[in-house]
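Below: the structure, in structure tokens.
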Amino acid sequence: GPGAVPVRLNVNGRQLDLMLEPRVTLLDALRMRADLTGNKRGCDRGACGACTMLVDGRPVYSCSTLAIAVQGKQIRNVDGLANGDTLHPVQAAFCEKDALMCGFCTPGFIMASVGLLEKHPNATAEQIRKGLDGNICRCGTFPRIFEAVSSVTGGQRA
Ligand code: FES
């Protein structure tokens, strides 16, 4: 569109060259322009966590992050987590512990959990609670999400 500028992103280890208006968010850039739709749009205003991605290992609300602002950084969304048919250990744990109902919040929770566990592989209960406090599950599955993340602590990292 008018005012579009070249934006180069590194997403899931791959370079992505897009023409975007400067106001386009990271969430929209990936969902609408790169077919990376794993992370969902919930509130679209930085309050629910469904859109959580990792930028240089740190969880961010991609709905509230401009794509142009994260050029040169390592961006990861949930689409890049599994290795072919092999789920990331955190994804596997969510399945094993039945840690989802409607599943809308799940990609955001998984990304926040991955970021947390990469930083604190042996995260305590307190660190897990704090690491996930930016994410909301309206179906009430948090206890199972907590259990899933706890089950991965001290385990292997992909
Ligand atoms: Fe980004 Fe809710 S959609 S925080």
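Structure summary
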{"quantity": "Conditions (1) assigned by TED's automatic domain parsing to the domain that holds residue 9; (2) within 16 Å of the ligand (Cβ to nearest atom): number failed by residue 107", "calculated": "(1)"}
{"quantity": "Members of the stretch 1-16 that are on the phi < 0 side of the Ramachandran plot and either of a type in the set (D, E, K, R) or at pLDDT 95 or above (or both)", "calculated": "4, 5, 6, 7, 8, 9, 10, 11, 14, 15, 16"}
{"quantity": "The stretch 135-158: number of residues that are assigned to a loop (DSSP other than H, G, I, E, B) and in contact with a Ser or Thr (Cβ under 7 Å, 6 or more places away or on another chain)", "calculated": "1"}
{"quantity": "In the stretch 70-101, residue nearest to the ligand (Cβ to nearest atom) [restricted to those that are over 20 Å from residue 128 (Cα atoms), exposed (fewer than 14 other Cβ atoms within 10 Å of the Cβ) and modelled with pLDDT of 95 or more]", "calculated": "71"}
{"quantity": "Leading residue by the ranking (farthest from residue 72 (Cα to Cα)) among those in the stretch 14-50 that are surrounded by fewer than 14 Cβ atoms within 10 Å (Cβ to Cβ) and near the ligand (Cβ under 7 Å from one of its atoms)", "calculated": "47"}
{"quantity": "Criterion: of a type outside the set (A, V, I, L, M) and in contact (Cβ under 8 Å) with a residue 60 or more places away in the chain - qualifying residue of 79, 28, 35, 44", "calculated": "79"}
{"quantity": "Those residues of the stretch 104-124 which are touching a residue at least 60 places away in the same chain (Cβ under 8 Å) and not basic (Lys, Arg), in sequence order", "calculated": "104, 105, 107, 108, 109, 111, 112, 114, 115, 118"}
{"quantity": "Wholly within the stretch 1-94, strands (runs of 3 or more DSSP E) carrying at least 3 residues that are over 14 Å from the mean Cα position of the chain (by Cα) and closer than 30 Å to residue 153 by Cβ", "calculated": "none"}
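The values are calculated or read from the model by the stated rules, or taken from the named source; none is laboratory data. Note that this is a predicted model, so its numbers are computed, not measured. Using ideal geometry, Cβ is built from the backbone for each residue, glycine included, and neighbour counts are taken over all protein chains shown.
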